[in-house]
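Here is the structure we will look at, set down as structure tokens.
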Amino acid sequence: MKIIVLGGGVAGVSTAWYLARSGHDVSVVDRRSAVGDETSYGNAGMLSYGYTSPWAAPGVPFKAIKWAMQDMAPILISPTSFNLRTAKWMMQMLGQCTEGAYRINKARMLRVSQYSRTCLNELIQELSLDFDHRAKGTIELFRSQEKMDSIGADIESLRNCGVRHEVIDQAECIHHEPALANMREKFVGGLRFPEDETGDCNKFTAALAEKCRSIGVKFILDTTVEKLDAVSGRVTSVHTSKGEMIADAFVVALGSYSSFILNPLGFNLPIYPIKGYSLTIPILDPSRAPQSTVMDESFKVAVTRFDDRIRVGGTAEIAGYDLSLDKKRRKPTEFVIQDLFPGAGDVSKAEFWCGLRPMTPDSVPVVGETPIRNLFTNTGHGTLGWTMSQGSARLLRDVINGKQTDIDTEGLSIYRYVN
Ligand SMILES: Cc1cc2nc3c(=O)[nH]c(=O)nc-3n(C[C@H](O)[C@H](O)[C@H](O)COP(=O)(O)OP(=O)(O)OC[C@H]3O[C@@H](n4cnc5c(N)ncnc54)[C@H](O)[C@@H]3O)c2cc1C
């Protein structure tokens, strides 16, 4: 079958790999001149199989108000970009902040992310891919005993979901992350996810695209997708800046821009862009750098070790599609790296970046078939698109091939937004 994948981020390229490997003739269309150049470029690098959780959770509305008033707030709302679409999405998200919805959404997300771990590990057994990969677990670090004493509900939820975790004291944190010994007065302990991994998503996407090319996938870059034509319940072609293209099936993997192409076909897909920032810092002194990811719970900033760099990522800003880089937003990431790992890297040479997380109100990705029989989606992965990339791509391959899927597809497709 000839299949066109729209979008060459980690979701699109991974989809292309699994489809081409199962015998399809695959092309990937992207407006950038390289793959993985938008949100998949500078993310925090966490493969958070255990840390997988929906944004929308009981108590979040209250916490969000508290955070918004905090210096270096982890959540920000830009008043200039607030409009009806933003308000509607936020209302939908708030509607998911109940105990019941949280439990359902978390189970759906965990299903994909745990599967994704298996898929990534099988893939790297098969292919040699250089992406600064490490499998050393991650630590959520607590700065106060009060916070540490309040994680009972989180622990219970992890236990119920069967996620491996360890509550560790200060000495155990230092055992796993020796550089923290220099700053032991800053924290009291942590929650460790021994099965979490790390890696550079952009390097992974570029390396996998090379493997895709070697098995015949065509990359049609510098090409903007304009619209899909659908006739009698089938997509017949995609219109692009380089002309019309036809195929037997189409996959939308356009990240935060997916709704612009899908909604004119009659869908009402609420994917909203949640802006985040990162710094990529060259390492000066490896003995002062982290080994894996340390997530600073107070500021919701993740510090991740790549081979010779440190990636520091955080902030969730509701600012529409604005991709401007406001220097003020460097503050939380700069503060956390200098506070926890001083002297590890050269912050003056850091690359400052921002990207738009493709968020659904329930934080669950939108993977699978649609009411249009040759149109499929692999999008809406929000804060965890790198983590879920391999699981959702392999799942979609099986859906498209009409095969029994390895995990249940319940609640993952666009049907949850179709009346
Ligand atoms: C600060 C930050 C930190 C993050 N940290 C993590 C993390 O630690 N772990 C994790 O799992 N996830 C993380 N994420 C989320 C993760 O990066 C995203 O979920 C993931 O990259 C989404 O991948 P994607 O392929 O769906 O989207 P994208 O990477 O955005 O790919 C979509 C592609 O579509 C193309 N495109 C869009 N519109 C058009 C059009 N009209 N025509 C042609 N091409 C088009 C774009 O050029 C782009 O290449 C983070 C995100 C941010 C912003």
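Coordinate-derived values only; no laboratory data. Because the structure is predicted, anything quoted here is derived from the model rather than measured. FYI the Cβ positions are ideal-geometry reconstructions off the backbone, even for glycines, and counts take in every protein chain you see.
At a glance:
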{"read-out": "Whole-Hz ³J(HN,Hα) from phi, Karplus 6.51 cos²θ - 1.76 cosθ + 1.60, for the range 172-180, glycine and proline x", "value": "5, 4, 5, 4, 7, 10, x, 5, 5"}
{"read-out": "Residues listed by number, the range 285-320, amide nitrogen under 13 Å from LYS66 label point at 7 Å toward C-beta", "value": "298-299"}
{"read-out": "Relative contact order of the chain, pairs being alpha-carbon contacts under 8 Å that are 6 or more residues apart, as %", "value": "27 percent"}
{"read-out": "FRET efficiency, ASN263 to LEU127 (Cβ-Cβ, R0 45 Å, nearest 0.05)", "value": "0.80"}
{"read-out": "Computed FRET value (nearest 0.05) for GLU226 with ALA181, which takes r as the C-beta separation and R₀ as 56 Å", "value": "0.50"}
{"read-out": "Stokes-Einstein translational diffusion, the range 41-162 - Kirkwood Rh over all Cα pairs, 0.890 mPa s, 25 °C, in µm²/s", "value": "141 µm²/s"}
{"read-out": "Amide H contacts under 5 Å for ILE220, placed H, 5+ residues apart", "value": "VAL28, VAL29, ASP30"}
{"read-out": "Rough spin-label spacing in nm, given labels placed 7 Å along Cα→Cβ, for ALA34 and LYS403", "value": "3.2 nm"}
{"read-out": "Dimensionless Rg ratio for the chain, taking C-alpha atoms and the 2.2 N^0.38 Å reference", "value": "0.95"}
{"read-out": "Projected label distance in nm at THR86 and THR118, using a 7 Å step from Cα toward the beta-carbon", "value": "4.2 nm"}
{"read-out": "Measure of compaction for the range 146-282 (Cα Rg per 2.2 N^0.38 Å)", "value": "1.63"}
{"read-out": "Modelled FRET efficiency - R0 51 Å, ALA153 with GLU210, Cβ distances, 0.05 increments", "value": "0.70"}
{"read-out": "Cα-based reach from LYS203 at 18 Å (exclusive), listing lysines while leaving out same-chain residues under 8 positions away", "value": "LYS211"}
{"read-out": "For the chain, calculated [θ]222 nm from helices alone, where every DSSP H run of n ≥ 4 adds -39500 (n - 2.57)", "value": "-9000 deg cm²/dmol"}
